[in-house]
Structures are given as structure tokens and as C-alpha cells.
Amino acid sequence: MQTTTPPLLPDWVYWVQALGPTLAAIAIGIFAALIAWGQWRTARDKLKWELFERRLNVYLATVKLVEASNHYTNQTGRIIEVDFGEFSEAIRGAEFLFDGKIAIAFRSIGELFTRSAALRLSLRVAVPTEFDTLLDDQKALMVQVHEFGKTIEADFRPYLDVSTVL
């Protein structure tokens, strides 16, 4: 009986057979890592953009309130309830978007508005003895909004820098 020897293959074929699956797995892993990195960057950029958009809306609402407070302070000495309704809706959650001076100012203005609205409601219900308190609160509110309006550009500048968005 005659034995046949299997044909010998070049050495590189054996190397490919041995290392091919490992190298393919590494290449697929690198490709998956690149896709994950791209997804992470996209999510980060989207978050930055959404924060910028939200902060811009808060800024615009604040500017509108400051302008309204200047107008009403000069004209009638009070701010109308509709202005606060729009403002409070626009700044909902703003204390989480800003820190320091801006967050404290929003909290303080919000507290004054809430107190003023409660006093205004009590006047409608027939508690006219608190009218002077309402006027004092309105005046304090106007002064605070006016003071906040003086530095609004500088206070919001770090949060509204478009070059840091993307």
C-alpha cells in the first residue's frame, strides 16, 4: 500500500489560519469602538446644544421680563400677572441650568413673584388690608428685577457662548 503525503502549503497559509480569526475579531472590535465613540460624541454634542437652547430661552424670557419691568415701573409702577406667568413658564427648571448668582436671583425673583401673586389673590378675595404689603412687594420685585437686568449680559455670557456649544 502506497501512502500519499498531503501537499505542503506555504507557511503564510498556516499563519493566516492560526491568526486570522483573532485579527478579524480585533478589527471588528476596533470598528465597534469607533462607532461607540461617534455615538458618545453625538450624544454629548446634542446635550450641549439642548442646554444652550434652554439657557437661551431663559435668557430671552429674562430680558423680556426686565424690559417689561422697566416699562411698567416707568408707566404704572406694577408688573402685570401675565408677564410673570410667561416668565415662570420659561424659567421652569432654570435653577438646574445655572449656578451661583443667576440661580440665586431666579429663586429670589420667583419667591417675590409667588408672594406678590398670593397677595394679589387675597385682595381679590376681599382682604384689602394687605394692599400696602402688596405694593411694597411689587416695589421690591421691580427693584430686584431692575438690578438683575443691569448685569444680565455679563451674568449670562459664560452660558451663552456659542463657540463652546459644539
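Each reported figure results from applying straightforward, stated rules to the coordinates on display, with no laboratory input. Just so it is clear, the structure is predicted and the values come from calculations on it, not from any experiment. Glycine gets a Cβ as well: all are built from the backbone with ideal geometry, and neighbour counts include every protein chain shown.
Miscellaneous remarks
- Projected label points at Glu89 and Asp11, each 7 Å from Cα along the beta carbon direction, are separated by 7.9 nanometres.
- In this simple spin-label approximation, His146 and Gln39 carry label points 7 Å from Cα along the Cα→Cβ vector, and these lie 5.5 nm apart.
- Per-residue ³J(HN,Hα) for segment 97-113, Karplus 6.51 cos²θ - 1.76 cosθ + 1.60, θ = phi - 60°, Hz, x for Gly and Pro: 8, 10, 10, x, 4, 5, 4, 5, 4, 4, 4, 5, 5, x, 5, 5, 4
- As a rough guide to protection, the peptides 48-58, 7-17, 150-160 ranked by mean Cβ packing within 10 Å, highest first, stand as 48-58, 150-160, 7-17.
- Counting 0.36 nm for each residue step from Asp161 to Ala25 and taking away their Cα separation leaves a gain of 44.6 nm.
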